[in-house]
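Laboratory data are not the source of any read-out in this text; all were calculated from the coordinates shown. Everything numeric here is computed off the predicted structure, so don't read it as measured data. Don't worry about glycine lacking a Cβ; one is built from the backbone with ideal geometry, like all the others, and counts go over all protein chains shown.
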Ligand code: HPA
């Protein structure tokens, strides 16, 4: 059987609209409860999880990332396609484009970012050379070529703690350090996925130029407006990627840690 796929919807992506026979469920594990939906697309079972809850009630720093990733793992998921609204620090990555990020910089402050807490599990240091799955990125990039928007292959995602937006000084620093886009959720989600041996990719949907680069002040509404303009492109990319994903995992994500 082909590896099971989950979609984690970020800001502006709350409904599993590409799925049919959708069934909502709450899955509980040692880290807490995870709310998700199960459905099918072209005969394949797909799990959908709205990261911020169905009504955007959970801010980035309060999401129970460990409960979510552990729940996906326990449900037999092996591949995760995540979406994330991001601001851009890179003039070539304009609002309306997608970025298939391949690296991250971690500027979070108050989050639990590991499954490995010592004790019985021992001390484990997971390799992060390829935090985002190269095979998933390749398929997303191929399918992205058929969209009427620009899809950038590769980019560094800076995870800020939030929930506030950044200051222009922070954005200047992130840019100097090599960041391309900024958001508030990729860490610890990608880290936990790697630790759990899941393939994980993020479609960064650029909604704005970041603070100080944008000529105007930022608002959450602006982010939502650009997301909704691009939701058809996102659905198309997800559908085609699920459709054309090779059965075999050719990456090393499954043998992590
Ligand atoms: N900063 C942080 N997160 C974001 C942004 C931003 O500019 N845009 C969308 N999510």
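Computed quantities for the displayed model
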| item | result |
| --- | --- |
| Packing rank of 130-140, 81-91, where each peptide gets the mean count of other beta carbons within 10 Å, highest leading | 81-91, 130-140 |
| Among beta bridges that DSSP assigns inside the chain, antiparallel share in %, nearest 5 | 35 percent |
| The chain: relative contact order in percent, alpha carbon pairs under 8 Å with at least 6 residues between | 26 percent |
| Sorted by Cβ neighbour density within 10 Å, fewest at the top, the residues 250, 11 | 250, 11 |
| Virtual paramagnetic centre 7 Å along Cα→Cβ of residue 74, amide N under 13 Å, in the range 1-32 | 26-32 |
| Net length gained if the chain between residue 117 and residue 21 were fully extended (0.36 nm per residue, minus Cα distance) | 30.7 nm |
| The chain, helix-only ellipticity at 222 nm - DSSP H runs n ≥ 4, -39,500 (n - 2.57), divided by all residues, nearest 500 | -7500 deg cm²/dmol |
| Overall dimensions of the chain by Cα: Rg and Dmax, Å | 17.1, 52 |
